[in-house]
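Chemist: Quick one: structure below, then a few questions.
The values are calculated or read from the model by the stated rules, or taken from the named source; none is laboratory data. Since the model is a prediction, treat every value here as computed from it, not as a measurement. Every residue, glycine as well, gets a Cβ built from its backbone with ideal geometry; the counts of neighbours run over all protein chains shown.
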There are 2 protein chains.
Amino acid sequence: MEFSSKLLQTAVDEVAQLPGIGRRTALRLVLHLMRQPLSQTLHLTSALQAMRENIIFCKNCHNISDSELCEICVNNNRSQDIVCVVEDIRDVMAIESTASFRGVYHVLGGKISPMDGVGPSDLKINTLVDKVRSGRIKELIFALSSTMEGDTTNFYIFKQIQDSKVIISTIARGISVGDELEYADEVTLGRSITNRIPFELSIKS
Amino acid sequence: MEFSSKLLQTAVDEVAQLPGIGRRTALRLVLHLMRQPLSQTLHLTSALQAMRENIIFCKNCHNISDSELCEICVNNNRSQDIVCVVEDIRDVMAIESTASFRGVYHVLGGKISPMDGVGPSDLKINTLVDKVRSGRIKELIFALSSTMEGDTTNFYIFKQIQDSKVIISTIARGISVGDELEYADEVTLGRSITNRIPFELSIKS
């Protein structure tokens with residue numbers, strides 16, 4: 001693509017560096033901003049800059065926060081001794097939106113993935129192990145995605161804390177609510193039969 | 001979606017105002033920026049701001065430009081008396097990439113579309129009519145999309161300049177190069193038969 005303006009070209013190049021946005025989409029977005037009032041562009045750029053420069057990660061759970069400890073970690077109504085281990089902040093938001101969990105989180109910041117050059121030291125695993133060894137935690141819930149990388153990360157953490165007295169669980173895998181059995185994949189269906197639960201429990205939840 | 005940080009929420013809200021980007025995608029993009037070095041965010045925001053504040057539209061053809069007259073309008077190797085009328089700058093880029101046109105452009109900035117509240121006065125039609133009436137233009141090529149709005153705009157302009165001696169043409173409609181006849185829509189196939197061209201011409205182009 002040949003641009004008639006260097007300023008336009010630079011803007012498109014920068015926007016096209018965002019994941020999932022190609023040069024055509026970038027051009028469409030940039031031309032949209034050109035048609036809008038200047039204030040919209042200024043609001044957008046100052047919001048991005050303020051976020052990138054001032055955002056803090058919670059000292060305790062590594063969730064994104066505006067203060068040293070996030071709102072979940074300082075909330076006395078939540079069980080601080082039940083910790084759900086998740087990959088990133090989007091998982092925290094997903095679980096929070098279910099309103100089914102009253103414990104706290106530990107955000108690892110990714111999964112162990114040698115293919116992408118992510119090793120254990122790139123993740124917040126040490127602080128999790130320290131938390132468990134301190135004896136303040138009763139239960140640890142693994143809520144990583146059930147992929148090779150997720151399972152590897154679960155296993156790596158498990159190996160380091162298996163001597164502790166903490167209860168370790170993982171979230172249940174099974175058929176999604178509302179899904180037809182015939183379209184479910186074999187692994188999921190197999191697990192949901194192996195890990196069947198008493199009927200009385202299922203009608204309560 | 002509940003955010004754990006006001007800064008994050010503001011950034012997501014702003015990004016989600018871009019066309020075709022929902023709140024989930026906006027969150028993904030913003031979290032990506034959080035993982036990248038601060039410099040990437042600063043480059044992005046300063047590029048957008050510089051573009052929005054400093055970009056100029058060519059006085060002659062209304063194309064986006066870095067100077068008062070765009071590179072195409074000041075190029076002496078191009079026929080300044082053959083003008084291609086297009087909707088927006090993306091069309092200029094599309095035609096330029098074919099390297100088949102050695103005239104200049106006139107960017108209308110949209111199409112007449114009462115449904116979207118776009119009337120003739122919102123477009124750069126007056127300056128085009130003035131150009132034609134000045135007698136400096138030999139040929140006018142309509143290259144708007146062949147939709148109801150495009151045809152309306154073509155007709156509106158035609159009505160205003162039909163007394164001038166300018167040659168008026170439109171780009172050819174027909175079967176795309178490489179396309180199978182059986183999958184072409186009837187209107188396009190019909191037009192491509194009606195507007196058939198001598199075989200000798202087709203093997204030259």
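Chemist: Can you tell which of B:D179, B:D151, B:D130 is assigned by TED's automatic domain parsing to the domain that holds B:N77 and either farther than 22 Å from B:N60 by Cα or of a type in the set (S, T, N, Q) (or both)?
Modeler: On the way: B:D179 fails: assigned by TED's automatic domain parsing to the domain that holds B:N77; B:D130 fails: either farther than 22 Å from B:N60 by Cα or of a type in the set (S, T, N, Q) (or both).
Only one candidate qualifies: B:D151.
Chemist: Can you tell me which condition A:L33 does not meet? The list is (1) more than 7 Å from chain B (Cβ to nearest Cβ); (2) part of a helix (DSSP H, G or I), and all the others hold.
Modeler: (1)
Chemist: Another question, if that's okay. Out of (1) more than 7 Å from every other protein chain (Cβ to nearest Cβ); (2) at pLDDT 90 or above, the odd one out for B:T98 is which?
Modeler: (2)
Chemist: List the pairs whose first member sits in the stretch B:1-14 and is within 7 Å of chain A (Cβ to nearest Cβ), whose second member is assigned to a loop (DSSP other than H, G, I, E, B) and buried (at least 20 other Cβ atoms within 10 Å of the Cβ), and whose Cβ atoms are under 7 Å apart, counting only residues at least 6 apart or on separate chains?
Modeler: B:S4/A:N63; B:S4/A:C70
Chemist: Would you check which residues across the stretch A:36-49 are at the interface with another protein chain (Cβ under 7 Å from one of its Cβ atoms) and exposed (fewer than 15 other Cβ atoms within 10 Å of the Cβ) and list them?
Modeler: Matches in the stretch A:36-49: A:L38 only.
Chemist: Quick check on A:S39: is it of a type in the set (G, A, S), assigned to a helix (DSSP H, G or I) and out of contact with any Lys or Arg (no Cβ under 6 Å at 6 or more places or on another chain)? Quick ask: steps written out before the conclusion?
Modeler: Numbers: of a type in the set (G, A, S): yes; assigned to a helix (DSSP H, G or I): yes; out of contact with any Lys or Arg (no Cβ under 6 Å at 6 or more places or on another chain): yes.
It is true that A:S39 is of a type in the set (G, A, S), assigned to a helix (DSSP H, G or I) and out of contact with any Lys or Arg (no Cβ under 6 Å at 6 or more places or on another chain).
Chemist: Out of all the residues in the stretch B:87-107, is one or more in contact with a Phe, Trp or Tyr (Cβ under 8 Å, 6 or more places away or on another chain), buried (at least 19 other Cβ atoms within 10 Å of the Cβ) and in a loop (DSSP other than H, G, I, E, B)?
Modeler: No, the stretch B:87-107 contains no residue that is in contact with a Phe, Trp or Tyr (Cβ under 8 Å, 6 or more places away or on another chain), buried (at least 19 other Cβ atoms within 10 Å of the Cβ) and in a loop (DSSP other than H, G, I, E, B).
Chemist: Now for a separate question. Of everything in the stretch B:120-147, what is within 25 Å of B:R191 (Cβ to Cβ), under 18 Å from the mean Cα position of the chain (by Cα) and modelled with pLDDT of 90 or more? Give them in sequence order. Spell out how you get there, then give the answer.
Modeler: Going through the stretch B:120-147, the residues within 25 Å of B:R191 (Cβ to Cβ) turn out to be B:139-147.
Add one more test, that the residue is under 18 Å from the mean Cα position of the chain (by Cα), and what stays is B:140-147.
Result: B:L140, B:I141, B:F142, B:A143, B:L144.
Chemist: Shifting gears a bit: For the stretch B:57-68, what are the residues that are out of contact with any helix residue (DSSP H, G or I) (no Cβ under 7 Å at 6 or more places or on another chain) and either surrounded by 15 or more Cβ atoms within 10 Å (Cβ to Cβ) or facing another protein chain (nearest Cβ under 7 Å) (or both)? So that I can check it myself, show each step before the final result.
Modeler: Residues of the stretch B:57-68 out of contact with any helix residue (DSSP H, G or I) (no Cβ under 7 Å at 6 or more places or on another chain): B:57-62, B:65, B:67-68.
B:F57, B:C58, B:N60, B:C61, B:H62, B:S65 - these are the residues of the stretch B:57-68 that are out of contact with any helix residue (DSSP H, G or I) (no Cβ under 7 Å at 6 or more places or on another chain) and either surrounded by 15 or more Cβ atoms within 10 Å (Cβ to Cβ) or facing another protein chain (nearest Cβ under 7 Å) (or both).
Chemist: Search the stretch B:1-30 for residues being assigned to a helix (DSSP H, G or I) and either of a type in the set (G, A, S) or on the phi > 0 side of the Ramachandran plot (or both), and hand back the single one that is nearest to the chain's Cα centre (by Cα). Show your work before the answer.
Modeler: Step one: filter the stretch B:1-30 for residues assigned to a helix (DSSP H, G or I), giving B:6-15, B:23-30.
Retained after the next criterion (residues that are either of a type in the set (G, A, S) or on the phi > 0 side of the Ramachandran plot (or both)): B:11, B:26.
Values: B:A11: 30, B:A26: 26 Å.
Looking at residues that are assigned to a helix (DSSP H, G or I) and either of a type in the set (G, A, S) or on the phi > 0 side of the Ramachandran plot (or both), I get B:A26.
Chemist: What is the one condition in (1) of a type outside the set (D, E, K, R); (2) over 18 Å from B:F3 (Cα atoms); (3) not assigned by TED's automatic domain parsing to the domain that holds A:V132; (4) not in a loop (DSSP other than H, G, I, E, B) that A:V83 does not satisfy?
Modeler: (3)
Chemist: Report, by residue number, each residue of the stretch A:94-122 that is under 15 Å from A:F57 (Cβ atoms) and touching a helix residue (DSSP H, G or I) at 6+ places or on another chain (Cβ under 9 Å). Give the derivation first.
Modeler: We begin by selecting, within the stretch A:94-122, every residue under 15 Å from A:F57 (Cβ atoms); these are A:104-110, A:122.
Passing the criteria: A:Y105, A:H106, A:V107, A:L108, A:G109, A:G110.
Chemist: Name the residue, out of A:V86, A:V118, that is within 14 Å of chain B (Cβ to nearest Cβ) and in contact (Cβ under 8 Å) with a residue 40 or more places away in the chain.
Modeler: Numbers: A:V118 fails: in contact (Cβ under 8 Å) with a residue 40 or more places away in the chain.
Going through A:V86, A:V118 in turn, just one is within 14 Å of chain B (Cβ to nearest Cβ) and in contact (Cβ under 8 Å) with a residue 40 or more places away in the chain: A:V86.
Chemist: Of the conditions (1) of a type in the set (D, E); (2) at pLDDT 90 or above; (3) surrounded by fewer than 16 Cβ atoms within 10 Å (Cβ to Cβ), A:E14 fails just one. Which one is it?
Modeler: (3)
Chemist: Please go through the stretch B:17-29 and give me each residue that is within 16 Å of A:D88 (Cβ to Cβ), hydrophobic (A, V, I, L, M, F, W, C) and more than 7 Å from every other protein chain (Cβ to nearest Cβ), ordered by number.
Modeler: Within the stretch B:17-29, B:A26 is the sole residue that qualifies.
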